[in-house]
1. In the stretch 10-31, how many are among the acidic types (Asp, Glu) and more than 15 Å from Ala73 (Cβ to Cβ)?
2. Tally time: how many residues in the stretch 260-288 are assigned to a loop (DSSP other than H, G, I, E, B) and either closer than 23 Å to Ser86 by Cα or touching a helix residue (DSSP H, G or I) at 6+ places or on another chain (Cβ under 9 Å) (or both)?
3. Residue under question is Val189, and the condition is that it be at pLDDT below 95, of a type in the set (A, V, I, L, M) and out of contact with any helix residue (DSSP H, G or I) (no Cβ under 8 Å at 6 or more places or on another chain); does it hold?
4. In the list Arg804, Arg834, Arg840, which residue meets the criterion of being free of Cβ contacts under 8 Å to residues at least 60 places away in the same chain and touching a Leu at 6+ places or on another chain (Cβ under 6 Å)?
5. Restricting the search to the stretch 440-456, which residues are more than 8 Å from the ligand (Cβ to nearest atom) and at negative phi?
6. Does Asn512 count as more than 14 Å from the ligand (Cβ to nearest atom) and polar (S, T, N, Q)?
7. Where the second residue is basic (Lys, Arg) and within 12 Å of the ligand (Cβ to nearest atom) and the first is in a helix (DSSP H, G or I) and lies in the stretch 771-793, which pairs have Cβ atoms under 6 Å and are six or more apart or on separate chains?
8. Of these, Pro149, Pro104, which one is away from the ligand (no atom under 16 Å from the Cβ), assigned to a loop (DSSP other than H, G, I, E, B), surrounded by 24 or more Cβ atoms within 10 Å (Cβ to Cβ) and under 33 Å from the mean Cα position of the chain (by Cα)?
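The values are calculated or read from the model by the stated rules, or taken from the named source; none is laboratory data. Bear in mind that the values here come from a model prediction, so they are computed numbers and not experimental data. Reconstructed Cβ throughout: ideal geometry from the backbone, glycine too, with neighbour counts over all protein chains shown.
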Amino acid sequence: MVSPRQGARQAAYQVRVAPTEADLCGDNLLWDSGKVASDALTCEYAGAVLRSRQRCFWTVRLWDEDEAAGEWASPAVWEMGLLEPSDWTARLIQPDLPEKPHSPRPCPLLRRDFRLKGNIARARLYVTAHGLYEARINGRRVGDEYFTPGWTTYDKCLQYQAYDVTALVREGDNALGAVLGDGWYRGRVSFLYLENVYGSRLALLAQLEVTYDDGSAQVVTSDATWRCATGPILASDIFDGETYDARLERPGWDEPGYDDRQWRRVFETPFSAKQLAAPIGPPVRKIEEVRPVAVIHTPAGETVFDMGQNMVGWVRLRTAGVRGTSVTLQFAEILDQQGNFYTKNLRLAKATDTFILEGRGQPETFEPRFTFHGFRYVKVAGLPDEATLDTLTGVVLHSDLAVTGAFSCSNGLVNQLFQNIMWTQRGNFLDVPTDCPQRDERMGWTADLQVFAPTACLNMDACAFLERWLRDLRLDQRGDGLVPLTVPDPFTRRWDTFRRSVRDMQQKGTLNTQAIWDRYMALYHLNRSEGWADAGIIVPWTLYVYYGDPRILEEQYDSMRAMFEYRRRQAGRITNLSRFRSALSRRETWEHLRYYSSGWYGFGDWLAPGDGMEGSIRKSRMFIPAAYLAFDALLMSKAAAALGRDDEAAAFREYYEHAREAFRYVHQDADGRLSPHRQTTYVLALAFDLLPVDERPRAAKTLADLVAAEGYKIGTGFLGTPYVCQVLTDYGYAEHAYRLLLNESANWLLQVRYGATTIWEHWDGIREDGSFQSARMLSFNHYAPGAVGAWLYHVVAGIRPDERAPGFAHIIVAPVPGGGLTHARAAYDSVRGRISSEWRLENGAFLLRAEIPANATATIVVPEAYRGAVVMDGRDVRLTNGALEVGGGQYELRCEPASAAA
Ligand code: BGC
């Protein structure tokens, strides 16, 4: 609903769905909701049963608060996919190409010719693969999606894509083909650098359905009549890169009439169409191109392109040279202290593309297809012509999410930080939300996402993208309820995976005790890490708060509850009694231990400054499990209440009360001091409301003192960071939060000062002396510490959701100026429409301009220091508890300093 009128609201809606656009105005409707008195933004289709392939046109109209009906919206359309396994007549086919184990496997081409009659009304291609595919019809690429069919838990769910290919087919002779790549299916996956995780053979499933004007249909499917051959892609791997030999191109292979008699056969292989699923989230696309900013000749004598931005995707190379010239591109995020190309932090990922020229006498252009790199620098070797800024073009690829958020303020470094957060999300929202995009990792780590989710939901419309991830989370969840460390979970068969990775290391000669131990720890002991698996509860709740759709909670509820039950069963098993000896000497404590959780292993407050990896793991068992147990119970009670499950909500609430008491008994001493006496302990205790109301101010003060005593240097790791600034602000220490934010010699702005264009994994990824952190864990594109982004929106600019009215039905506009900033603004395209908040300090007054979408309400909270005379839109207004209640519309406030009123 859009309206310039202040206070405009939706009183009712009506939705109509019809088989054709013309039918929308007639009686031949699939569904007419009738007039429904509601301000809801979503409604569920409840009309005639829909069939596979059916097209549905729909429109909606609204009534406002004066019962005035609006116009019918211009019609939109959706099309049903293939709903029944029996809709699939295509056979899954595997190329019959010889492959040697442990040597690069060329990407197969598969093809067939077919004839069509005239008068084609429409054509659809339904297609998927084991591996990645690029489908081709009559010499052209089908669609603009990349990394299809996407990374899911393939044995349980394999996505297929549906393309409108009406414009690609024609009367007479046609050809349908596909190139397959190893991708996640059988290429290198995870920090274990495993291959063949889901299977060792590539396969294609394609079904082209052509409908003629007279309603008759013709179907062309993958089957044993197809032919296959290898092509120019000699090797392709997400971690290692691609090798392309243009001399091996097969011109015309994807066009009709190509002579494929020398090609090899394909095999049909058994397969159940039951696991096929339509994609939920947006596809990966090419989003943007980046021009290099410099060509550098490094001290080591290498030629390196600087893209000016740490980005994710690949580069397009344009060069001319003699036949057989081999050009190698290697990708890196950073140059070392001497200014040399640095790749140690990529660990085993080779991140190398090789292009071999055909030598056509004119420039040739190369782009890989089935790999991606996280890089700012590209080292080029073997270039036959001079390296210029036109030699390479960066191609940014990621899931095509609409950008919904914008932020800026009077501090340029903070603005750069915001851009870095955005770029880090872009780089890591590539089909799956990943920890990092460059080294041999790139996995859907659960904690990284749960801490970053609020920022992600503000920056971009992440709803469908994350719903899809949650579907995979449900599928990967263990029978006992535990959510895996990463989703998708390539470790599902743990023992097998472990053995395979050890064997792999043996073959590569990288076997050592440390490596084996790391793997063993990760697969067997760390998998119940608190803060990681809990994403199964936290992420659905976050989506509900930001997007307001209760179906997300409905769909996830059983999974959330199963995860909680897992934690509950773990509680009471104290693994480390000696640590708590003093606390446990109190008799009452024993009564609470049933609700207390401690873990021997857990990633803990991952990478808190000074802790390093081992430190995080060691220190975590102290309090993180107990804090998360309580937090999980709290969120469960909120989710249950939102779904009207009041009894369950009450039971979870009661559990929460016990769990937080247990936390307190063990971790708080008589003086209110928490153990361990570290920033994150106080941050989580306050963020999760673990302390009684009257004790919170004291804890907040202790936290503020701790932060100040530590020189406003951040003390939090992955789990504390998302909350530290928020908690400080909530308890009246906004200036402390600003000093953390604005500290240029540590924390977020240090990296900005060092020229970072994305967020670093470590606070001290580059140390003061210019040296790097250990290359074992050194990513420069890791969104978890960028979780402060939510605070920029919520507090600095002042746009906050209200979880009691999710989806921004009620908005809290509460900017808290500080840190010497003179202005700040954020705009957020919420599900209800544009919200913006923009403030500036002018002649001692605080000026605020706020925009609230129609059909929403807002509480505008005036900063405490400016609660003197307040004028809104030219009229004097009185604040209630420092705030004003408003409806949709634009508002301009001028607030004089509080002292001026006195
Ligand atoms: C990843 C993380 C992840 C962590 C688990 C790392 O290798 O990059 O971001 O959460 O492992 O502790």
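1. So the answer is 2.
2. 8
3. yes
4. After ruling out the rest, the residue left standing is Arg840.
5. First, pick out the residues of the stretch 440-456 that are more than 8 Å from the ligand (Cβ to nearest atom): 440, 442, 444, 449-456.
Passing the criteria: Asp440, Gly444, Leu449, Gln450, Val451, Phe452, Ala453, Pro454, Thr455, Ala456.
6. yes
7. Matching pairs, first to second residue: none at all.
8. So the residue among Pro149, Pro104 that is away from the ligand (no atom under 16 Å from the Cβ), assigned to a loop (DSSP other than H, G, I, E, B), surrounded by 24 or more Cβ atoms within 10 Å (Cβ to Cβ) and under 33 Å from the mean Cα position of the chain (by Cα) is Pro149.
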